[in-house]
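Here is the structure we will look at.
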Amino acid sequence: MSVHRPPRRPQLWWPLLIASQLLVVLLWWRLGWAVGLPLLLASHAVCLWGVLAPASRLYGPVLTRLPGEGVWLTIDDGPSDDTRALLDLLDAHDAQATFFLVGERAVARPDLVREIAARGHGIGNHSQTHPQAMFWALGPARMRREILECQRTLTGITGRAPVWFRSVVGHTNPFVHAPLREAGLARVGWNARGFDAVKADVDEVVARIDADLADGAIVLLHEGAKHGHNVAMVEGVLARMQAKGLRAVLPRTG
Ligand SMILES: [Zn+2]
């Protein structure tokens with residue numbers, strides 16, 4: 001069975017938002033501000049949770065674990081100076097991963113992108129410019145551009161359109177899912193991460209991931225972080241997988 005499910009009703013949040021706010025107004029009017037105001041704030045908190053919580057499905061579907069056996073390794077933010085070392089490491093462990101690439105970084109190093117594909121790994125869409133401070137607040141036009149330009153970039157380099165999308169820093173606002181549907185992309189989250197993009201301690205990062213390393217796990221990893229230890233972290237995770245008898249797999253899409 002395919003686990004690849006692009007959003008089907010990306011605009012559904014819109015009538016739900018209107019209905020919820022009409023309900024708040026109605027209750028405020030009937031029962032007074034002591035009920036209405038907390039309800040108003042609570043309804044806005046839910047909308048914000050839907051944006052900031054990486055596994056939230058408020059605005060559209062997200063895959064956060066795989067059915068069956070195997071572990072899906074996902075590596076964000078490339079291509080980078082780490083990419084070649086990562087490819088060699090994965091080969092040495094006979095493992096496959098999906099690289100979620102940033103469009104403008106791919107344009108700068110198309111040879112690395114082609115090599116990822118040629119060596120049997122997956123390539124996913126991680127936005128054109130990786131606007132990490134602002135991604136959660138992008139409006140519909142800029143969001144569409146971030147997603148569709150990256151899609152065109154990666155398709156142009158490899159000849160194949162990516163089918164998976166990873167939100168920038170895991171944030172997903174109401175305008176993400178319409179362009180995903182347009183491009184046939186499904187959003188992927190994770191259920192194992194070690195904060196490897198910011199934490200520099202290899203053992204600590206690997207131990208955090210190890211706690212959730214089991215069949216069905218989707219592991220969030222990064223490349224090219226400033227601390228320079230991403231390759232050692234992926235190596236640590238591969239060693240733990242070997243010790244636990246876990247196989248790296250890519251999900252079925254068809
Ligand atoms: Zn990223």
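The values are calculated or read from the model by the stated rules, or taken from the named source; none is laboratory data. Nothing here was measured: the structure is a model prediction, and the numbers come from that model. Glycine also receives a Cβ, built like all others from the backbone with ideal geometry; neighbour counts cover every protein chain displayed. Just the protein is used for accessible areas: all its heavy atoms, side chains included, with ligands, DNA and RNA removed. Shrake-Rupley method; radii C 1.70, N 1.55, O 1.52, S 1.80 Å.
Give me the percent of the accessible area of the chain that comes from carbon and sulfur atoms, probe 1.4 Å, all protein chains in place. Kindly include the intermediate steps, with their values, before the conclusion.
Working: 7220 of 12330 Å².
Carbon and sulfur together cover 59 percent of it.
Could you tell me how many degrees, from 0 to 90 and to the nearest 10, lie between the Cα long axis of helix 33-52 and the main elongation axis, the longest principal axis, of the Cα atoms of the chain?
Around 20 degrees separate the two axes.
Assuming a ≥ b ≥ c are the square roots of the Cα gyration tensor eigenvalues, decide whether region 13-52 counts as rounded (a/c under 1.5), prolate (otherwise, with a/b larger than b/c) or oblate. Each step should come with its number before you reach the end.
Details: a/c = 5.32, a/b = 1.58, b/c = 3.37.
Note, shape of region 13-52 comes out oblate.
Is the chain rounded, prolate or oblate when judged by the Cα gyration tensor, a ≥ b ≥ c being the square roots of its eigenvalues, rounded requiring a/c under 1.5 and prolate requiring a/b larger than b/c? Write down the numbers at each step before the final one.
Values: a/c = 2.14, a/b = 1.70, b/c = 1.26.
The shape class here is prolate.
Taking only protein heavy atoms into account and a 1.4 Å probe, give the accessible area per residue of the chain in Å².
Working: 12330 Å² over 254 residues.
Accessible area per residue: 49 Å².
Set the Förster radius R0 to 25 Å, insert the Cβ-Cβ distance between Arg145 and Ala55 as r into 1/(1 + (r/R0)^6), and round the FRET efficiency to 0.05. Mind dumping the intermediate values first?
Details: r = 26 Å, r/R0 = 1.03.
The computed FRET efficiency comes out at 0.45.
Express in whole angstrom the spacing between the alpha-carbon centres of region 1-68 and region 151-184.
22
Once you sort the root eigenvalues of the Cα gyration tensor of region 83-169 as a ≥ b ≥ c, which label holds: rounded (a/c under 1.5), prolate (a/b larger than b/c) or oblate (the other case)?
Numbers: a/c = 2.37, a/b = 1.87, b/c = 1.27.
Here region 83-169 falls in the prolate category.
Restricting to DSSP H runs of at least four residues, report the calculated mean residue ellipticity at 222 nm for the chain, -39500 (n - 2.57) per run over all residues, nearest 500 deg cm²/dmol.
Working: 9 runs with 115 residues, N = 254.
Computed mean residue ellipticity for the chain: -14500 deg cm²/dmol.
In degrees from 0 to 90, rounded to the nearest 10, what is the angle of the helix 13-31 Cα long axis to the longest principal axis of the chain?
Between helix and principal axis, roughly 40 degrees.
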